[in-house]
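First the structure, in the form of structure tokens, and then the observations on it.
Each reported figure results from applying straightforward, stated rules to the coordinates on display, with no laboratory input. What you see is a predicted model; the values in this text were computed from it and never measured. Every residue, glycine among them, receives a Cβ derived from its backbone with ideal geometry; neighbour counts consider all protein chains shown.
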Amino acid sequence: MQIAKSVRLMQRLSGALPRPVVLVPTMGALHAGHLALVKKAKRFSGRVGSTVVSLFVNPTQFGPVEDFHKYPRTFQADCELLRNARCGIVFAPNPEEMYFSDKSTTVVESELSRVMCGASRPGHFSGVCTVVAKLFLITRPNIAIFGEKDFQQLAILRRMARDLNFPVRIVSHPTVREKDGLALSSRNRFLTNKERRAATVIFSTLLEAEQKIRNGWHLTSRVEDWMRASISEEELAKIDYVVAVDPVTLQPSDRIRMPVLLAAAVFFGSTRLIDNRLLE
Ligand code: AMP
């Protein structure tokens, strides 16, 4: 496994990599969710192609009061996991390597980014789009793999790749969960034991809401209100948002129409967790 820390080296390598090149962008602190993406990447790259995993905690997608400095960094352990997963190339630049100090160009998706996480985290998705566009240009993948846990991010990156004609096929992977349903996340390690137990309320609420819809609940406000009440029963949970929206436009309609995306962002202490469930 080769580790490229500079943009220049990565660009030189990507010019000569056997194709297809499959990219898995991550912020490191790898867990089984990330490794499932890498495994899928290996399937797509096959015997001859190449798998590239980027490890980069991207400062531009964190707000001024968010957890950029606190975000877990476990570079050696990540490399060990990626070596075992037979990843071909790790691209691990530092922020100074990725961004010029006087940079003045960003990529903005202006429709899907307005709602949900985009409403609570201004500038977040512009940071995501800009870094992913840069990663696409630096690593030149044929395919890029993203997790469905970050459903809105996936929808926005598909839109960006379409709108800007990136010659990259975006492939998604289902959310990997703990046994009790909690979605794996690099941020789970910040939860206290009590918060960790409480956090299961997100997925159990999504599942129960799904049942209610399948049993005939069809008013969006009723479903959203019920989800809000269900999560609020857990006293450690502080809701950021709860929505039932169209999975393509991310907009609500008065009545639930299939397919529908149920999604929530909830704080436990200072840790913000997101999860979703797509009903088709
Ligand atoms: P992150 O390092 O959190 O930015 O995530 C990097 C990639 O891994 C993104 O495409 C995420 O959607 C994906 N990912 C994170 N957690 C999970 C999970 N539990 N299951 C599947 N994919 C995940």
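In the range 172-259, what trypsin sites (Lys or Arg not before Pro) fall in a loop by DSSP, with at most 14 other Cβ atoms inside 10 Å?
Numbers: sites: 177, 179, 187, 189, 194, 196, 197, 212, 214, 222, 228, 238, 255, 257; in loops: 179, 257.
Those that pass, being in a loop and sparsely packed, are 179, 257.
All other residues with a Cβ under 11 Å from the Cβ of residue 252 taken together, and with Lys, Arg as +1 and Asp, Glu as -1, what is their net charge? Intermediate results must be reported in sequence, preceding the final value.
Values: positive: 255, 257; negative: 224, 246, 254.
My count for the surroundings of residue 252 gives -1.
Which shape class applies to the range 148-226: rounded if a/c is under 1.5, otherwise prolate when a/b exceeds b/c and oblate if not, where a ≥ b ≥ c are the square roots of the Cα gyration tensor eigenvalues?
Cα axes put the range 148-226 in the oblate bin.
Pairing the Cα long axis of helix 220-232 with the longest principal axis of the chain, what angle in degrees results, from 0 to 90 and rounded to the nearest 10?
80 degrees
Roughly how many nanometres apart are two label points built 7 Å out from the Cα toward the Cβ at residue 69 and residue 279?
Between residue 69 and residue 279, the simple spin-label model gives 4.4 nm.
Suppose every Lys and Arg Cβ carries +1 and every Asp and Glu Cβ carries -1, with no other charges. What dipole size does the chain come out with about its Cα centre, to the nearest 20 debye?
About 1140 debye.
In degrees from 0 to 90, rounded to the nearest 10, what is the angle of the helix 151-163 Cα long axis to the longest principal axis of the chain?
Between the helix axis and the principal axis of the chain, the angle is about 50 degrees.
Where a Cα-Cα gap under 13 Å defines reach, which aspartates and glutamates qualify for residue 134, not counting those fewer than 8 residues away within the same chain?
Partners within reach: 97.
Sort the range 50-188 into rounded, prolate or oblate with this rule: let a ≥ b ≥ c be the square roots of the eigenvalues of the Cα gyration tensor; rounded if a/c is under 1.5, and if a/c is not under 1.5, prolate when a/b is larger than b/c, oblate otherwise.
Taking the square roots of the gyration eigenvalues as a ≥ b ≥ c, the range 50-188 is rounded.
What is the calculated FRET efficiency for residue 177 to residue 8, with r their C-beta to C-beta distance and R₀ = 30 Å, to the nearest 0.05?
In this case the efficiency is close to 0.15.
Give, in nm to one decimal, the length gained when the segment between residue 208 and residue 253 is fully stretched (0.36 nm per residue of separation minus the Cα-Cα distance). Intermediate values should be presented prior to the final figure.
Numbers: separation 45, 0.36 × 45 = 16.20 nm, distance 2.02 nm.
Value of the extension gain: 14.2 nm.
Taking the 0 to 90 degree range and rounding to the nearest ten, how far is the long axis of helix 124-139 tilted relative to the main principal axis of the chain, both from C-alpha atoms?
Orientation of helix 124-139: about 30 degrees from the principal axis.
Within the range 15-103, list the GluC sites (Glu not before Pro) lying in a DSSP loop whose Cβ has at most 15 other Cβ atoms in a 10 Å radius.
Values: sites: 66, 80, 96, 97; in loops: 66.
In loop regions of the range 15-103 (DSSP not H, G, I, E or B), the sparsely surrounded GluC sites (Glu not before Pro) are 66.
Taking every pair of alpha-carbon atoms in the range 1-127, give the share separated by more than 24 Å as a whole percent.
Here the long-distance tail beyond 24 Å is 37 percent of all Cα pairs in the range 1-127.
Of 42/179; 39/103; 212/238; 149/212, which ones are farther than 32 Å apart at the Cα?
Values: 42/179 25 Å; 39/103 35 Å; 212/238 23 Å; 149/212 22 Å.
Beyond 32 Å: 39/103.
Please give me the summed charge of the neighbours of residue 148: other residues whose Cβ is under 11 Å from its Cβ, Lys and Arg +1, Asp and Glu -1.
0
Which of rounded, prolate or oblate describes the range 7-67 when judged by the alpha-carbon gyration tensor and an a/c cut-off of 1.5?
Oblate.
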